[in-house]
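Only one structure is covered here, and it is reproduced in the block below.
The values are calculated or read from the model by the stated rules, or taken from the named source; none is laboratory data. Note that this is a predicted model, so its numbers are computed, not measured. All Cβ positions, even for glycine, are placed from backbone atoms using ideal geometry, and neighbour counts span all protein chains on display. When the accessible area is computed, the model is the full protein with side chains, heavy atoms only, and any ligands, DNA or RNA have been set aside. Shrake-Rupley method; radii C 1.70, N 1.55, O 1.52, S 1.80 Å.
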Amino acid sequence: MFKDFNLDTHYLIMDLIPGILKERLSSSEIEKLSKLQNHQLVNFLNSVVGLCDPESVYIVEGTRKDLEYVKRKAIETGEEIRLKNENHTIHFDPPLDQARAREDTFILGSKIPYVNTKSREEGLQEVISILKGSMKGREMFVGFYSLGPIASKYKMLAVQVTDSPYVIHSENMLYRNAFREFTNNEDFLKFVHSKGSLDIKKRRIMIDLEGVVYSVNTTYAGNSVGLKKLALRLTLNKAVNEGWLSEHMAIIGLEGERTHYITASFPSGSGKTSTSMLGKLISDDLAFIRNVNGIARAWNPESGVFGIIHGVNPKDDPIVWDVLHSNDEVIFSNVLLLPDGTVYWEGSGDHEPEKGVNFAGEWWKGKRDGSGKPIPPSHPNARFTVRLNSFKNLDLKYEDPEGVEIEGIIFGVKDYYTLVPIAESFSWEHGVITMGASMESSRTSAVIGKSDEMEFNPMALLDFISVSLGKYLDNYLSFGKRLSKLPKIFSANYFLKNENGYLNSKEDKKVWLRWIVERIEGKASAIRTPIGFIPTYDDLSSLFYKVLSKTYKKEEYEAQFTIRLKAYKEKFERVRSVYAGIDDVPDTVIEIFNKQISDLNEYINRFGEKVSPFQLS
Ligand code: OXD
Ligand code: MN
């Protein structure tokens, strides 16, 4: 379990400035905090106040008055601007702070391959010195949340401290308020955020796996909203130590003879949100999966969506579109603010406006940056923040304390070159290693840097892995061994191309999901290929007709499901060499790669670089 607030310096701060918390609290806030009688909490807050030196502290108990207060402060401080629809606001992050800052984010502790680490002492000293006095003259907000349904015995409590009303407003929308749960002195995760001076050179996100995360000089939610991707590093570590899974996955209910729940792991920006809109929505981004009496069951730690808005349009994303045009609360971030108080984003299908205000200031059509590059009206990683209960496809089981039974897992990538649109693994081990641990995907705009380069991204967790990949995979494999009913594992790729461009339309994913249901129900057959099972032409042609009223041509099927043997083999060789270079990777992992590659070699000898599904059926 997470230890008490563990900063060695903490005690120092406490000694130097005891009782400072009390000085900064008004009598109404003292009254709120007193309801909890939580020593760990008071000690923690006292040390943060001592360090960051805010002028006052506001306790978000979660009453309507509190929520309104936070929203008002977000507007008064200019962190949000009210839109024409008065339940909607827009927030801008600084131009160089539009995505997750991989290079400035560190796991504190010893070196781990593929993870950005820093020694604990050095990391803490660095971030503490930046945080010192960072909230001077500002109000500090304290929010209390639960990761997972409050009624679940598996929930995890967390506290967010921040000087940004936008950050606490986002948390209030994205997480379940759990103020009252703090009366029982349970452990809780701790997130300390200050926007500081927004000096990008001093942007730091330090993750102490003992349960505290510090984030400073950033406002982009992926760096600042603690319970989202910062908590994921902590819960992943905890999950690996305790034998469960904390994953970057959507949870979706698919209709068949009954509702079948699946989880879906995709790197940001490669189809996860759109996939989760095609079924009953439990989660669009994160999943906790546990073994309950031999069954894999999943929960959404969140209660809201921080989604990519680029490309959201009424035809392809009708549900999200409706949410964004409803009277429910929405925070838009880094889209274009129009003179009439509405917003515009690229790919919405609306006419590109002439002018407005965006993350880089005044914007007009044709505006270029210092290096002559056109500035888009909205950032490719522009976002919307909304509550889950705004979605008409929300499945009320998302609040079920027992979670939902998981019968399938999708590992999806954005891969133009290699992977077939949908395939099923031969076994848990085969799926975990050749589909999950082998994920390579085109880099997303959710991370600062060049997008569209292919990168190794196992389980879409590259940025969130906080333990060694060997230990992580070992846990995954043994998790499966302990289940009495194994979910089926699928690989998905919505982005396969040939020389003429994309091979699938956006709506084809509905057919793949339908095939998954039919596989779970034992209704669809499949063709055995060296990389797993693929659908038959006959099944797909009937599903394309049933689901999309479309005639599915043999040529389309053949182009989509021809196994690119050589490309697959090269991919597995690349990934095997990554794992072979990591000390604690279980032997089975390398054995599975060896077998996979030798099977592919055998097919290459028989068929050449590619094999048509018709040659295999
Ligand atoms: C997200 C991300 O915001 O993964 O969900 O970047
Ligand atoms: Mn995500």
Checklist line | Estimated dipole of segment 306-390 in Debye, rounded to 20 [Cβ of Lys and Arg +1, of Asp and Glu -1, Cα centre] | finding: 320
Margin query: Multiplying the sequence separation of Ser27 and Ser577 by 0.36 nm and subtracting their Cα-Cα distance, what value in nm do you get?
Written below: 191.9 nm
Margin query: Taking 0.36 nm per residue of sequence separation and subtracting the Cα-Cα distance, how much length would be gained by fully extending the chain between Asp538 and Lys510, in nm to one decimal?
Written below: 8.4 nm
Item checked: Separation of the Arg82 and Arg180 label points, Cα + 7 Å toward Cβ, nm -> 3.1
Notebook entry, point to check: What FRET efficiency, computed as 1/(1 + (r/R0)^6) with R0 = 35 Å and r the Cβ-Cβ distance, is obtained for Ser525 and Tyr114, rounded to the nearest 0.05?
Noted result: 0.35
Next item on the list: Please give the calculated 222 nm ellipticity per residue for the chain, where each DSSP H segment of at least 4 residues contributes -39500 (n - 2.57) and the sum is spread over every residue; nearest 500 deg cm²/dmol?
Entry: -9000 deg cm²/dmol
Next item on the list: Which order do the peptides 273-280, 71-78 take when ranked by the mean count of other beta-carbon atoms within 10 Å per residue, highest first?
Entry: 273-280, 71-78
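Could you tell me which helices of the chain pass both thresholds, a Cα extent of 24 Å or more along their own axis and a mean Kyte-Doolittle hydropathy of at least -0.5, with helices taken as whole DSSP H runs? Write out the running numbers ahead of the final one.
Numbers: long enough: 587-607 (30 Å, -0.36).
Qualifying helices, which must be both long enough and hydrophobic enough, are 587-607.
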Check: Between Tyr154, Leu189, Gly123, whose Cα lies farthest towards the positive end of the dipole of segment 102-251 when Lys and Arg beta carbons carry +1 and Asp and Glu beta carbons carry -1, centred on the Cα centre?
Finding: Gly123
Note to self: Given the options Ile531, Ser549, Phe572, identify the residue whose Cα lies farthest towards the positive end of the charge dipole of segment 494-617 (+1 on Cβ of Lys, Arg; -1 on Cβ of Asp, Glu).
What the structure shows: Ser549
Item checked: Centre separation in Å (Cα based) which lies between segment 399-448 and segment 118-180 -> 30
Next item on the list: Treat every Asp and Glu Cβ in the chain as -1 and every Lys and Arg Cβ as +1, leave all other atoms uncharged, and give the resulting dipole magnitude about the Cα centre to the nearest 20 debye.
Entry: 460
Checklist line | Total lysine pairs whose alpha carbons fall under 18 Å of each other in segment 105-220 (8 or more apart, or interchain) | finding: 9
Checklist line | Whole-Å distance, taken between Cα centres, linking segment 238-304 and segment 595-617 | finding: 33
Notebook entry, point to check: Which of the lysines could be linked to Lys550 by a straight reach, that is with a Cα gap under 23 Å, when you skip same-chain ones fewer than 8 residues away?
Noted result: Lys315, Lys497, Lys506, Lys509, Lys510, Lys523
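Rounded to a whole number, what % of the accessible area of the chain do carbon and sulfur atoms account for, probe 1.4 Å?
Of all accessible area on the chain, carbon and sulfur atoms account for 50 percent.
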Check: Counting only heavy atoms of protein chains, what accessible area per residue, in Å², does the chain have with a probe of 1.4 Å?
Finding: 39
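What's the local net charge at Arg176, with K and R +1, D and E -1, over the other residues with C-beta under 12 Å away? If you can, show how the numbers build up before the last one.
Working: positive: Lys155, Arg180, Arg387; negative: Glu171, Glu181, Glu302, Glu399.
That sum, taken over residues with Cβ under 12 Å, equals -1.
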Next item on the list: May I ask which residue of Ala437, Val212, Val386 lies farthest towards the positive end of the charge dipole of the chain, with charges of +1 (Lys, Arg) and -1 (Asp, Glu) on Cβ and the Cα centre as origin?
Entry: Ala437
Notebook entry, point to check: Put a dot 7 Å past each Cα toward the Cβ at Ser197 and Asn313; how far apart are the dots in nm?
Noted result: 4.5
Item checked: Estimated distance in nm for a label pair at Ala559 and Lys392, the labels positioned 7 Å out from Cα along Cα-to-Cβ -> 3.4
Checklist line | For Arg100, residues with placed amide H under 5 Å, excluding near neighbours | finding: Val447, Ile448
